[in-house]
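Below you'll find the structure, written out as structure tokens, and then a few comments.
The values are calculated or read from the model by the stated rules, or taken from the named source; none is laboratory data. Predicted model only: the values in this text are computed from it and were never measured. Positions of Cβ are generated from backbone atoms using ideal geometry, with glycine treated the same way; all protein chains shown enter the neighbour counts. We work out accessible area using only protein heavy atoms, side chains counted, and drop any ligands, DNA or RNA first. Shrake-Rupley method; radii C 1.70, N 1.55, O 1.52, S 1.80 Å.
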Amino acid sequence: MSQSFYPPIRTLMGPGPSDVSPRVLSALGRPTIGHLDPLFVELMDDVKRLLQFAFKTTNELTIPISAPGSAGMEAAFVNLVSPGDKVIVCQNGVFGGRMKENVERCGATAIMVQDRWGAPVDPQKLEDTLRDHPDTRVVAFVHSETSTGVRSDAETLCRIAKQHGALVIMDTVTTLGGIDLQVDAWGADAVYSGTQKCLSCVPGISPITFSPTAVERIQSRATKVQSWFLDMQLVMGYWGGNSKRAYHHTAPVNAMYALHESLLMLEEEGLENSFARHRANHEALVAGLEALGLSMAVDAEWRLPQLNSVLIPEGIDDAAVRSRLLKEFNLEIGAGLGELAGKQWRIGLMGFASNPVNVNRCLTALAAVLGH
Ligand SMILES: Cc1ncc(COP(=O)(O)O)c(C=O)c1O
């Protein structure tokens with residue numbers, strides 16, 4: 001007979017999910033109420049307000065999608081991209097490749113701007129490509145490339161796209177709560193994230209926000225959005241501004257309690273304080289890694305404080321190290337993805353997991369496993 005599942009208590013210092021705050025876990029266990037209960041509707045409103053705060057936006061259409069970050073990505077593309085459109089996708093890692101897939105599945109053409117995995121997106125290349133393709137409808141890029149630990153200059157990329165009249169889709173799955181993100185000031189049109197990284201929340205929800213210009217584009221579409229579940233015109237009826245909420249799907253009620261609690265924690269801490277905490281723990285980790293003789297994979301200017309890519313030294317067995325960290329120290333760090341597999345580790349310091357105890361735990365465990 002099967003038995004109840006009791007997971008071990010791990011320290012999650014990979015690319016996500018990251019450690020969930022006990023406050024969030026306890027919110028998850030509160031009694032389930034109906035998803036159209038007036039009290040749940042009030043909670044939905046507060047979640048929207050808190051998401052606007054976290055995204056630094058006044059966008060009315062700012063909601064949590066009831067599915068993981070990939071659904072946020074898909075929602076941005078299926079709503080803003082129509083068959084026959086031209087979309088520029090800037091790729092400098094794994095997730096830009098997924099954006100291309102999304103564009104093509106919308107029946108649109110993806111023009112790729114490629115940069116080295118481990119470097120930021122080059123704004124000049126975007127500018128040149130927009131000049132070559134003045135009919136571009138959307139520019140898409142990943143702000144924080146989780147596969148490489150690289151930040152791109154989102155503000156500049158948004159400005160260039162706007163100058164050429166294109167809407168911007170921006171992936172901030174690993175950004176939100178960890179480093180600065182200014183949806184309104186930068187002028188991004190569809191920005192999505194995930195709950196399992198710097199928000200210290202359980203996986204499975206994707207916060208998303210659409211600018212008024214994006215909403216106009218959605219409302220003036222000539223063709224139906226190909227996805228029923230992610231069609232924002234329908235979702236708006238459930239999450240929309242008026243008090244009459246139409247049934248669209250059954251929201252993951254308890255997961256919304258968890259998201260609400262995690263956003264409250266972010267509000268209590270303050271965004272700038274959260275960014276400063278991520279930076280301080282990152283700096284301590286880098287100093288410790290370098291003292292162990294390890295080198296960072298990304299130039300200091302473009303490193304993500306919440307996700308640290310480290311070069312695996314010659315002769316070290318990547319899988320064996322990670323397996324010992326997990327078995328002997330209950331510590332998870334991330335492997336390299338795609339073309340970086342076997343070459344880099346990715347050490348997350350995200351949300352609740354970004355603290356000095358975790359920095360020390362990771363350095364001590366790595367020192368032991370590497371035989372220092
Ligand atoms: C940059 C980026 N985009 C999209 C995703 C997809 O999110 P999810 O795994 O929650 O579907 C991830 C997940 O790690 C990510 O890091």
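Express the carbon and sulfur contribution to the solvent-accessible surface of the chain as a percent, rounded to the nearest whole number, probe 1.4 angstrom.
That share works out to 54 percent.
Among 136-146, 79-89, how do they line up from the highest to the lowest mean number of other beta-carbon atoms within 10 Å?
136-146, 79-89
So if R0 is 22 Å, what FRET efficiency would F5 and T250 give, r being the distance between their Cβ atoms, rounded to the nearest 0.05?
0.40
Going by average Cβ neighbours within 10 Å, how do the peptides 306-314, 226-234 rank, with the highest at the top?
Final packing ranking: 306-314, 226-234.
Quick one: accessible surface of I205, probe radius 1.4 Å, all protein chains present, in square angstrom to the nearest 10.
Around 0 Å² of this residue is reachable by solvent.
If eta is 1.002 mPa s and T is 20 °C, what Stokes-Einstein diffusion coefficient results for region 148-204, Kirkwood Rh from Cα pairs, in µm²/s?
Roughly 177 µm²/s, to the nearest whole number.
Please give the charge dipole size of region 309-372, origin at the Cα centre, charges +1 on K and R Cβ atoms and -1 on D and E Cβ atoms. Round to the nearest 20 debye.
180
Given a Förster distance of 41 angstrom, what is the FRET efficiency for L370 paired with L36, based on the Cβ-Cβ distance and rounded to 0.05?
Computed FRET efficiency for L370 and L36: 0.15.
In 10 Å bins starting at zero, report the fraction of Cα pairs in region 1-154 per bin as a rounded %.
Here the calculated profile for region 1-154 is 9, 26, 31, 21, 11, 2, 0.
Quick one: which of K100/K125; K56/K86; K162/K197; K125/K162; K48/K197; K162/K224 span more than 23 angstrom between C-alpha atoms?
Those over the limit are K56/K86; K162/K197; K162/K224.
Residue by residue through region 201-215, which ³J(HN,Hα) values in whole Hz follow from phi under the Karplus form 6.51 cos²θ - 1.76 cosθ + 1.60 (θ = phi - 60°), with glycine and proline marked x?
10, 5, x, x, 10, 10, x, 8, 9, 10, 6, x, 5, 5, 4
What are the ³J(HN,Hα) couplings of region 157-166, residue after residue, when phi is run through the Karplus curve with 6.51, -1.76, 1.60 and θ = phi - 60°? Round to Hz, x for glycine and proline.
5, 5, 4, 5, 4, 4, 4, 9, x, 9
Tell me the accessible surface of E301 in square angstrom (1.4 angstrom probe, heavy atoms of protein chains only), to the nearest ten.
About 120 Å², ignoring ligands and nucleic acids.
Using the heavy atoms of the protein chains alone and a 1.4 angstrom probe, what is the accessible area of the chain per residue in square angstrom?
For the chain, the solvent-accessible area averages 41 Å² per residue.
Work the Kirkwood hydrodynamic radius out for region 208-323: mean of 1/r over every pair of different alpha-carbon atoms, inverted, in Å.
In region 208-323 this quantity evaluates to 19.3 Å.
So for the chain, what are the equivalent ellipsoid semi-axes in whole Å, largest first, each being the square root of 5 times an eigenvalue of the Cα gyration tensor?
Value: 33, 27, 17 Å, ordered largest first.
Starting at the first residue of region 60-71, write each ³J(HN,Hα) from the Karplus equation 6.51 cos²θ - 1.76 cosθ + 1.60 with θ = phi - 60°, in whole Hz, x for Gly and Pro.
4, 7, 10, 9, x, 7, 7, 5, x, x, 4, 6
Can you tell me the length gained on complete extension of the stretch D46 to L28, counting 0.36 nm per residue apart and subtracting the Cα distance?
4.8 nm
Can you give the translational diffusion coefficient of region 102-194 in µm²/s, computed by Stokes-Einstein from the Kirkwood radius over Cα pairs at 37 °C and 0.692 mPa s?
The diffusion coefficient I find is 242 µm²/s.
As an exercise, use a Förster radius of 45 Å and the Cβ-Cβ distance of S295 and K224 to find the FRET efficiency, rounded to the nearest 0.05.
So the FRET efficiency works out to roughly 0.30.
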